[in-house]
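Below is one structure, written out as structure tokens; comments come after it.
The values are calculated or read from the model by the stated rules, or taken from the named source; none is laboratory data. A quick note: this is a predicted structure, and the numbers were derived from the prediction, not measured. Positions of Cβ are generated from backbone atoms using ideal geometry, with glycine treated the same way; all protein chains shown enter the neighbour counts. All accessible areas refer to the heavy atoms of the entire protein, side chains included, with ligands and DNA or RNA removed. Shrake-Rupley method; radii C 1.70, N 1.55, O 1.52, S 1.80 Å.
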Amino acid sequence: MASKDWYKLNFQIESDLEEIIIWKLNELGIFSFSFEYLIKTENKKEVNIWLPINEWDESSRSDFEKIICKLLNINDSINKFFDWSVIKEEDWLTSWKKYWAPELVGNHFLILPCWINLNEEFNDKQIIKIDPGAAFGTGSHPSTYLCLEKMEKILLSDKKVLDIGSGSGILSIAARLLGAKEVCAIDNDYLAINSTNSNFQLNFGNLNNLNTYLGSFNEVILKHQLKKIDFVVCNILAEVIKEMIPNIYKCLRNNGEVIFSGILNSQKDEIIKILIQNNLKLLDVSSRKDWACIYAQKAKNLT
Ligand SMILES: C[S@@+](CC[C@H](N)C(=O)[O-])C[C@H]1O[C@@H](n2cnc3c(N)ncnc32)[C@H](O)[C@@H]1O
């Protein structure tokens, strides 16, 4: 049987480089990581990244080190910079879990790691319980935060919602908490689809009103003829979003709305241009740290 043990990679960065590291990890499909302030040197942070041993042989680890060095502009002393250790499967969750804490998002949501009990002071919040597992979506990333912050201001009750790139299922859960009558969640990673289903079950005790689809959005939409969607949320990287816009337009009903996130501030103008070319009207743009979230609408009477 394949080993389920983990490598833990540790290195230090200047605090303002956190965003660029998150962006790169996100791009590489790596979601188990944490950042810790170093008390002694306040402008530095410690990065921890957990990688499954059976997927990371020596050459891929060396390639990964090179990518990080290039990103951080490090030329020498590579051996001193990276600290690799091995974490046994049974210690992995505890080693990772200690970095997770409940997190307030927007005015209404509290993201609660599933092993923590709810404190009474948060009884008035909409609780999203998450078991982070192996999928992206714990609420701490600015792109997810921006989606949740925007969603709580939109009327979702009785709406049909499509969550493209559902990851942990965090946005699908939020949609149902906000009253959506049907949630369709698509992800091209089977671990993410498992995670969407299990986190949905964790929150509601059932999978009612949720339909999950494993596959790439552009293929799923053709195969399953998903149409007349009231609201789409799509938190994926800009390069992937660009290819999805024409099909997102097709599956929205007239006046249907869409949130795009996972876009760096520097990429937003290009995305807005493509939206307009595809008859989607810009409603507003919000931003957090280096990330932008675009809210748009399929204009009335367009086919
Ligand atoms: C940034 S994560 C977002 C997770 C979660 N929705 C959130 O907001 O935190 C992006 C997700 O999109 C999925 N993904 C990437 N490309 C995709 C595609 N072409 N079709 C469907 N899912 C895709 C990835 O597997 C990943 O789970």
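So the values come out like this:
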item: Subset tally (residues that are more than 17 Å from the chain's Cα centre (by Cα) and surrounded by fewer than 16 Cβ atoms within 10 Å (Cβ to Cβ)) for the range 219-241; result: 7
item: Exclusive hit being more than 13 Å from residue 233 (Cβ to Cβ) and outside any strand (DSSP E or B), set 146, 112, 191, 156; result: 191
item: Residue list for the range 170-187, filter: assigned to a strand (DSSP E or B) and within 14 Å of the ligand (Cβ to nearest atom); result: 183, 184, 185, 186, 187
item: Close pairs from the range 159-171: first outside the structural domain of residue 192 (by TED's automatic domain parsing), partner in a strand (DSSP E or B) and open to solvent by less than 10 Å² (accessible area, probe 1.4 Å), Cβ under 8 Å, at least 6 apart; result: none
item: Looking only at the range 166-181, and only at residues there that are on the phi > 0 side of the Ramachandran plot and surrounded by 24 or more Cβ atoms within 10 Å (Cβ to Cβ), the one that is modelled with the lowest pLDDT; result: 167
item: Selection from the range 188-225 of residues that are within 13 Å of the ligand (Cβ to nearest atom) and among the hydroxyl-bearing types (Ser, Thr, Tyr); result: 190, 195, 196, 212, 213, 216
item: Enumeration of residues in the range 1-14 that are among the polar types (S, T, N, Q) and either in a strand (DSSP E or B) or open to solvent by less than 30 Å² (accessible area, probe 1.4 Å) (or both); result: 10, 12
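Each row is one residue, and each column tells you yes or no for (1) within 16 Å of the ligand (Cβ to nearest atom); (2) modelled with pLDDT of 90 or more; (3) closer than 23 Å to residue 132 by Cα.
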{"site": "25", "(1), (2), (3)": "yes, no, yes"}
{"site": "32", "(1), (2), (3)": "yes, no, yes"}
{"site": "37", "(1), (2), (3)": "no, no, yes"}
{"site": "45", "(1), (2), (3)": "no, no, yes"}
{"site": "60", "(1), (2), (3)": "no, yes, no"}
{"site": "68", "(1), (2), (3)": "no, yes, no"}
